Structures are given as structure tokens and as C-alpha cells.
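The values are calculated or read from the model by the stated rules, or taken from the named source; none is laboratory data. In this text, all values refer to a predicted model and were calculated from it rather than measured experimentally. Note: ideal-geometry Cβ built from the backbone for every residue, glycine included; neighbour counts use all protein chains shown. Remember, those area values only see protein heavy atoms, side chains included, never the ligands or the DNA or RNA. Shrake-Rupley method; radii C 1.70, N 1.55, O 1.52, S 1.80 Å.
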Amino acid sequence: MENLVIAIDGPAGAGKSTISKLIAKNLGINYIDTGAMYRAITYKCLEAGIDIADIQSVIDICQSTDVDFVDNCIYLDGTCLNDEIRSLEVSSNVSNVAKIPQVREFLLQKQREIGKRSDVILDGRDVGTHIFPDTRYKFFLNASAEERGRRRYQELIDKGQDLVLADIVEDIKKRDYIDSTREVAPLVKADDAIEVDSTSMSIQEVVKYITDMVRRIGE
Ligand code: DC
């Protein structure tokens, strides 16, 4: 029997990872953060002093990298990464790494391989459109750019980073633009995905709504 694959796509800061982790826990399935894989490659390039505009060098680094996602943790060449991939520097560069077709192809294979290991919920931009287009469980989580910026700002402030809200909203809008206008696998709602606007919903409300829908689709 095919394993259960739940796709949660949407723009930056829509709450995809928080919500996906809670749903994974509720349903007792694995969680995969596909964005963390792009962030890990970006982090490795920045650490190596590579200019992200130097596409060939980014591709070379990517193809010699081991990326995996196990037990809620992203592994880069065997090391579990945490907050280092959430810095503003990584966030500001990751969309330019994610638009490189060879990087996407490399990670797409990995994501399919990891996703086939067990029942999973994956969050990202192209899970329902490209990684697992055949799954029946597709959701597109959205919220206004201002609300998404406010949530990201709070998250980073709570982690002790010193930032300006307007810069975060600006960064989110810039990423939305790059992610939705790139040529390969742009951020777009799959025709058969259920759209959830979380602007004025609590985390618990969104989790309940999606969990109920998953159960209903599975009946
Ligand atoms: O979800 P996130 O903010 O951690 O994602 C980081 C970047 O990775 C985001 O700007 C777009 C890209 N991404 C992607 O292109 N495809 C995915 N499946 C997941 C993320």
C-alpha cells in the first residue's frame, strides 16, 4: 500500500512548519521540512565564502553535499543543523539558491527518496505541484504578507535576534516575488490543493482544520 503523503505548500512565514510539526505529532507520522534542505545548501555556500551569484560554484557544492532530514532535524554532511539556517543572511539568499534548476533537481530526488520511507507530511513550495503531484492530500497555507512578516519577526526576536519589523516584511515580499516568478517549480497553488488563509486563524484552528480534512479525504 502507498504511504500517506500530506503536502503543505505556501509562501514564507505562513506557519507551514509549526503547523506541519503539530499535525505530524497528532497523526504519528514523519515531518519533512523541504525548505530546510535549500537553507542547508545556502548555509554551506555562505560558510564556504561562495558568492551565490556564482551559479556553477553553488551547483558544485550542492552536488557534493549529503542532505537528509531525520527526526525533525536537517542533516548537512552528517551534522544536525539548528538555528544557523534560520538567520536573516541565509533567509535573504536562499531564494536565489532555490531558483537554480540543478539545485532543485538534486533536492527533488532526495525529497522523493526521503518522502517514500514512511507516512509523511512535507512542507515547502512545490510539494503538491512537483515533488508528490499524485497525492490526494494537498493544502496551500497562506496569510497576508504583513501578518507573515509579523510572525517571522516575533519568532526571530524570541530567539534573541535584533531586527526591524519593516525589514522582515520587505524580505518576505522579496522572497514571495522570487519564489513565485522563478522558471522551475514556482510557488503556486496546485489546482487540486485546498487553500487555507491563516491570517486570522490560531495555530490550533489551522491544525484542527487540516487534520479533519485529511481524515475526511481518507474516508
Ligand atoms: O520555507 P522556508 O522559508 O524555509 O524556505 C526557504 C526557501 O526555500 C524559500 O525561499 C523557497 C525555497 N523552497 C523551495 O523553493 N521549494 C521548497 N519545496 C521549499 C522551499
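Accessible area of the chain with a 1.4 Å probe: how many percent of it is carbon plus sulfur? Summing carbon and sulfur atoms, their accessible area is 48 percent of the total for the chain.
Judged by the mean number of other Cβ atoms found within 10 Å, the most tightly packed of the peptides 104-115, 73-84 leads the ranking 104-115, 73-84. Using a probe of 1.4 angstrom and keeping all protein chains present, the accessible surface of the chain works out to 49 square angstrom per residue. With Cα atoms as the point set, the range 1-117 shows a radius of gyration and Dmax of 14.3, 46 Å. Each principal axis of the Cα cloud of the range 51-114 was taken in turn, and the coordinate range along them, longest first, works out to 32, 27, 16 Å. Given the C-alpha centroids of the range 186-207 and the range 1-69, what is the distance between them in whole angstrom? Rounded to whole Å, the Cα centres lie 19 Å apart. Phi angles across the range 183-197 convert, under the Karplus curve 6.51 cos²θ - 1.76 cosθ + 1.60 with θ = phi - 60°, into 3J(HN,Hα) values of 6, 9, 6, x, 5, 8, 6, 5, 3, 9, 8, 8, 8, 10, 8 Hz, Gly and Pro given as x.
Order these peptides, 199-205, 41-47, by their mean beta-carbon neighbour count within 10 angstrom, highest first.
Values: 199-205: 11.6, 41-47: 21.7.
Listed from highest to lowest mean packing, they are 41-47, 199-205.
Working note: 222 nm ellipticity from helices only, DSSP H runs with n ≥ 4, each -39,500 (n - 2.57), summed and divided by the residues of the chain, gives -16000 deg cm²/dmol to the nearest 500.
All C-alpha pair distances within the range 2-46, sorted into 5 Å bins from zero, spread as 5, 18, 26, 21, 16, 9, 4, 1 percent across the bins.
Per residue, how much space in cubic angstrom lies within the convex hull of the C-alpha atoms of the chain? Display every interim value, and only then the final one.
Values: hull volume 26.1 nm³, N = 219.
Expressed per residue, the convex hull around the Cα atoms of the chain is 119 Å³.
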